[in-house]
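So the structure is just underneath, and the comments pick up after that.
The values are calculated or read from the model by the stated rules, or taken from the named source; none is laboratory data. None of these values were measured; they are calculated from a predicted model. Methodologically, a virtual Cβ is constructed for each residue, glycine included, from the backbone with ideal geometry; neighbour enumeration extends over all protein chains shown.
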Amino acid sequence: MSSEQPRILKSSSHSSIDFNESQPLLAQTDQNQRYDGTHDHSEDENLRTRSKISRKEASRWPTLISIIITVSLTVAILLLVFIAPSFIEEYAKQAVSIKPTKLSVDSFTSRGLKARVQADFRVDASQVPNKYLRNFGRLSTWIAKEVRSDPSKVQVFLPDYDNLHICTVTVPRIQVDIRDNRTTPLELLIDIALEDKNGIHLIANEWLEGGLDRIQVLVQATISLKSGMISLPAQPISRLLVFEGNKFPKIPRYNITRLNFNEISVPASKINGLAVDASVFIDYNQIIELDMPALGFDMLVQGCGVGNFIQLISIKTDSTHLYPRLGSSFQVKGIITELPQPLLHACPESKLSPLEILIANYVHGNDVNVFIRGSNSPSQSIPDWISEILSKIKIPLTIPSHQYHGLIRNFTISDINFSLPDLFAEPDSDEASPRLSGHLEAIADIPKEINFNVSVTQARASVDVLYKEEKFGELDLYEWQKVKCELIKEPMNPGASLRIKSNVNNAPLRITNEGIFTHIIAALLFRKETVLFQLMAMVDVQISTILGKFLIQDLPAETTVPIKL
């Protein structure tokens, strides 16, 4: 009995098992009888235990792998966000390049302007010399793939000028591919609002006067970046940029290709005025494309004393389109109806008026330096801030002149009467000097730029007299001589000319070299020869125009005259 009880208990234990459709129809006992009559109990139990463990481990592997990957990505992101920014920053400095392809002014606003920027954003890891930084950057950017920023405001300061706040730049949303060897084309419309306009004109004046060849720019902004579903906290950034050498903008070169002065009728004032018409070519070497609107300027000339400027004329330019790296021409026009009185008053140090100094420099081939200053624009679409800034900026302008060596030509003296000095005259008196009389005639060419009535009313001269190319005396024509003047047109001369006539009566010849003069007397008296005097003159003329009378000094003229007794 007792030997059967365990079998009955075992059987009862099987009766408590719940079967389902997935189990076999023929149930097996927990112990299989072996052919030798013994039971396989412990080995079968161990086998079932290992089988259960294997099934549990097999079911856990996908979960563990997912957890490991998730943790790894989390750690990588944390490294990128909190630990790696310094490395990423260094990588970006060396691998990232932004090449502007087009910059243009889209429009002017009441506070500044809108600029359109086109550029190529490129990542090139080969530019990073450090192998570990290069590989780390490649991996990090491959994980992130793209980065985008929210719209941001960039503040621009000048540290060299007490942190002068120049402008605020509003940058729109930007999205770029940051993986290696990828290029992202960008096109942005940025808004630039000017801040300290007074500071801007001070710096502009310094630059235009040639006193600025280096500048530091401090850029500050708060940038919010996103990569995929990850948003990084807003990060304040600050960069100090230095512009010098080839990176510093140069003042555009210009050339005045045409300059004309014309007499016109001014109906509003019922008088004639002087119209100025010029063409200016600008060698524009910047990369910014813009439509230059019509602008107004006042032209200032140097008055008596340093820093004293006198307004000569108001001029206006026409609108023109400036293309990057290309020159452009525009027209300049203005009218003078009346000259300001300070321009006509003689300066104490020179005895000449500022206008006479200006004309003398131009006629004698010296460049004329003037300044132009902004005034009200003729265009209604120009915002007030442009006129406000330009009105406080003096732009130096050089007007190239021409050397008028042949301004006075065909200088002749006819009907010459040469008389010897009185032997009994007092020394150093007029009678103790030889005298010369005759009829003077010369032709003065009017510069081609001048297309208005000009006449000469008086003339005087300082004349050196030479014999065989050696100076021996000075002809005294220092007193003003009245002249007759007429306008003539010559077939071979495209411009106009003036024929000037005057008479010389007993002008003293001051002897400066007695030895040479002794040879001249011997040739005239004893050998009855005709000698040739070479006259080298510097002529001053008083001219009359629609704007008044002016003095032009030291016009060169020369001639050779035969002398005989």
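Quick notes on this one:
- Comparison of Val454, Val465 shows that the only residue that is among the β-branched types (Val, Ile, Thr), out of contact with any helix residue (DSSP H, G or I) (no Cβ under 8 Å at 6 or more places or on another chain) and at pLDDT 90 or above is Val465.
- Candidates Asn135, Asn198, filtered to the one that is in a helix (DSSP H, G or I) and under 30 Å from Val370 (Cβ atoms): Asn198
- Lone qualifier among Tyr284, Tyr254 - being at pLDDT below 85, surrounded by 12 or more Cβ atoms within 10 Å (Cβ to Cβ) and either of a type in the set (Phe, Trp, Tyr) or in the same structural domain as Ser104 (by TED's automatic domain parsing) (or both): Tyr284
- Listed by position, the strands (runs of 3 or more DSSP E) contained in the range 276-340 that have at least 2 residues being polar (S, T, N, Q) are 309-317, 328-336.
- Taken together, Val504, Val561 contain a single residue that is surrounded by 15 or more Cβ atoms within 10 Å (Cβ to Cβ) and either without any contact (Cβ under 8 Å) to a residue 12 or more places away in the chain or in contact with a His (Cβ under 8 Å, 6 or more places away or on another chain) (or both), which is Val504.
- When residues of the range 502-554 are limited to those that are under 30 Å from Ser353 (Cα atoms) and of a type in the set (D, E, K, R), the one modelled with the highest pLDDT: Asp540
- Inter-residue pairs, beta-carbon under 6 Å, first assigned by TED's automatic domain parsing to the domain that holds Asp120 and in the range 165-183, second among the aromatic types (Phe, Trp, Tyr), 6+ apart: His165/Phe157; Val176/Phe121; Arg179/Trp142
- Just so you know, in the range 297-336 the residues that are touching a helix residue (DSSP H, G or I) at 6+ places or on another chain (Cβ under 8 Å) and β-branched (Val, Ile, Thr) include one that is nearest to Phe371 (Cα to Cα), and it is Val301.
- Number of the condition not met by Ile389 [criteria: (1) assigned by TED's automatic domain parsing to the domain that holds Met299; (2) in a loop (DSSP other than H, G, I, E, B); (3) hydrophobic (A, V, I, L, M, F, W, C)]: (2)
- Residue match in the range 99-109 (condition: at pLDDT below 85, under 23 Å from the mean Cα position of the chain (by Cα), loosely packed, with under 15 Cβ neighbours inside 10 Å and under 30 Å from Leu326 (Cα atoms)): yes
- Scanning the range 362-397 for residues that are closer than 28 Å to Ser107 by Cα and of a type in the set (Asp, Glu) yields a total of 2.
Residue by residue, here is whether (1) without any contact (Cβ under 8 Å) to a residue 40 or more places away in the chain; (2) under 29 Å from Arg179 (Cα atoms); (3) of a type in the set (A, V, I, L, M, F, W, C) holds:
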position: Arg122; (1), (2), (3): no, yes, no
position: Gln127; (1), (2), (3): yes, yes, no
position: Ser152; (1), (2), (3): no, yes, no
position: Phe157; (1), (2), (3): no, no, yes
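- Here the range 508-543 is the region considered, the condition is being farther than 19 Å from Ser433 by Cβ and of a type outside the set (D, E, K, R), and the residue that is surrounded by the fewest Cβ atoms within 10 Å (Cβ to Cβ) is Phe526.
For every residue, the table says whether it meets (1) hydrophobic (A, V, I, L, M, F, W, C); (2) touching a strand residue (DSSP E or B) at 6+ places or on another chain (Cβ under 8 Å).
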position: Phe136; (1), (2): yes, no
position: Ser140; (1), (2): no, no
position: Glu146; (1), (2): no, yes
position: Val154; (1), (2): yes, yes
position: Asp160; (1), (2): no, yes
position: Asp180; (1), (2): no, yes
position: Leu188; (1), (2): yes, yes
position: Glu195; (1), (2): no, yes
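- For Ala346: the one exception among (1) assigned to a loop (DSSP other than H, G, I, E, B); (2) aliphatic (A, V, I, L, M); (3) without any contact (Cβ under 8 Å) to a residue 60 or more places away in the chain; (4) within 29 Å of Ala115 (Cβ to Cβ): (4)
- The criterion of at least 2 residues that are over 25 Å from Asn410 (Cβ atoms) is met, among strands (runs of 3 or more DSSP E) falling completely within the range 472-557, by 496-511.
- So Ile200, is it crowded, with 17+ Cβ neighbours inside 10 Å and over 18 Å from Glu90 (Cα atoms): yes
- Any hit, the range 491-500, residues being modelled with pLDDT of 90 or more and over 51 Å from the mean Cα position of the chain (by Cα): no
- Residues that are in a helix (DSSP H, G or I) and surrounded by 16 or more Cβ atoms within 10 Å (Cβ to Cβ) do occur in the range 424-438.
- Filter result for Arg373 (part of a strand (DSSP E or B), within 24 Å of Val280 (Cβ to Cβ) and of a type in the set (Lys, Arg)): yes
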